[in-house]
Amino acid sequence: MAEWVLPALWLGLFGASWRFLPKYRGRTLMLSLLVLIGHLIAAGLASHRSNPLHSFDGSFRSILILEIAAVMLAPLACARTLPDTKPLNRWHTLPVLLYAALTVLASFFGYARYIQAINFSLKWAHLKAPAAGVLLTLLTASALVSVLLALHLIEAARRKQLYGYAGALLSAVGGIAQVSLLLAPRYYLHIHHSVWSLFLVFLFRYEKWWSRYAQALALGIYIDGLASWGLSSIWHLTS
């Protein structure tokens, strides 16, 4: 990809959002600032890069992709979780400050890879015989996400959005499973944390506190994943 494409895309999207979606200006600025802070933490602290704006390959690709994502998330996944901050006078409210704090906190997720007892990847080689710490971590996280998804399905049903919400969830999971079966055994599935966390950012989309703050944590993990490893396919050639 030419070096000018991502900067041009970001500037174009940001400019269009600023011009045509004025009520999202404050939210877009806030998310843009959060992904910048998160990238500085993930790349500069957790990944020990001399330039915390660099991707793992020395380019600026990851920060540009995150800034593009911030512009797109403002009117989409974050439409209900964050208030419309057009006049910039609601940034000091507790929901906004707590959302920002949890996002920044979750951007330290990369430090988990230095804890060997719980360090694992979502691929079969790591999951078929997990250590006790990995198994406990996996079961705890799975239980927490399951409870949150159940709450969201109940909320979607209350809003008469159950078919759309459940359909999106099942379509994504089913699509990945189907492609994985078609590619096996030549390719194996490895779901990077930048992928599953972004999926959760879109699923955790309601103004209920348990949805808002769960989204903030998922957003921070997504920032860390992209800043640490960049974009990558979830299917890899079997060695």
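The values are calculated or read from the model by the stated rules, or taken from the named source; none is laboratory data. Just so you know, these numbers come straight off a predicted model, no measurement behind them. Here the Cβ positions follow ideal geometry from the backbone for every residue, glycine too, while neighbour counts run over all protein chains shown. Surface accessibility is based on the protein's heavy atoms, side chains included, excluding ligands, DNA and RNA. Shrake-Rupley method; radii C 1.70, N 1.55, O 1.52, S 1.80 Å.
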Quiz item: Using θ = phi - 60° and the Karplus form 6.51 cos²θ - 1.76 cosθ + 1.60, what ³J(HN,Hα) does each residue of the range 215-231 get, whole Hz, x for Gly and Pro?
Solution: 5, 4, 5, 4, 5, x, 5, 4, 4, 4, x, 6, 5, 7, 10, x, 7
Practice problem: Could you work out the relative contact order of the chain, using alpha carbon pairs under 8 angstrom and six or more residues apart, expressed as a whole percent? | Solution: 28 percent
Exercise. Jot down the radius of gyration and Dmax of the range 98-230, Cα atoms only, both in angstrom.
Key: 15.8, 45
Self-check item: Net lengthening on full extension, Thr140/Tyr187 (0.36 nm per residue, minus Cα-Cα)
Solution: 14.1 nm
Quiz item: Whose amide H sits under 5 Å from the amide H of Leu122, counting only residues 5 or more places off or on another chain, with H placed in the peptide plane?
Solution: Ile191
Quiz item: Which value in Å is the Kirkwood Rh of the chain over different Cα pairs?
Solution: 19.0 Å
Self-check item: Placed amide H near Tyr187: partners under 5 Å, 5+ positions off or other chain
Solution: Thr238
Practice problem: Please give the per residue accessible area of the chain, computed with a probe of 1.4 Å over protein heavy atoms only, in Å². | Solution: 55 Å²
Quiz item: Rg(Cα) of the range 5-106 divided by 2.2 N^0.38 Å?
Solution: 1.10
Self-check item: Förster-model FRET efficiency, 41 Å R0, Tyr111 and Ala16, C-beta, rounded to 0.05
Solution: 0.65
Self-check item: For the range 82-211, size of Cβ-based charge dipole, Lys and Arg +1, Asp and Glu -1, in debye
Solution: 140 debye
Quiz item: Ranked from highest to lowest mean number of other Cβ atoms within 10 Å per residue, what is the order of the peptides 127-133, 100-106, 39-45, 57-63?
Solution: 39-45, 100-106, 57-63, 127-133
Quiz prompt | Hull volume in cubic angstrom per residue (convex hull over the Cα atoms of the range 159-239) | solution = 83 Å³
Self-check item: Percent carbon-and-sulfur accessible area, the range 128-207, ignoring ligands, DNA and RNA, probe 1.4 Å
Solution: 74 percent
Quiz item: At 222 nm, what helix-only mean residue ellipticity would the chain give, in deg cm²/dmol to the nearest 500, using -39500 (n - 2.57) for each DSSP H run of four or more?
Solution: -19500 deg cm²/dmol
Quiz item: Can you list the aspartates and glutamates whose alpha carbon is less than 19 Å from that of Lys160, not counting same-chain residues fewer than 8 positions off?
Solution: Glu207
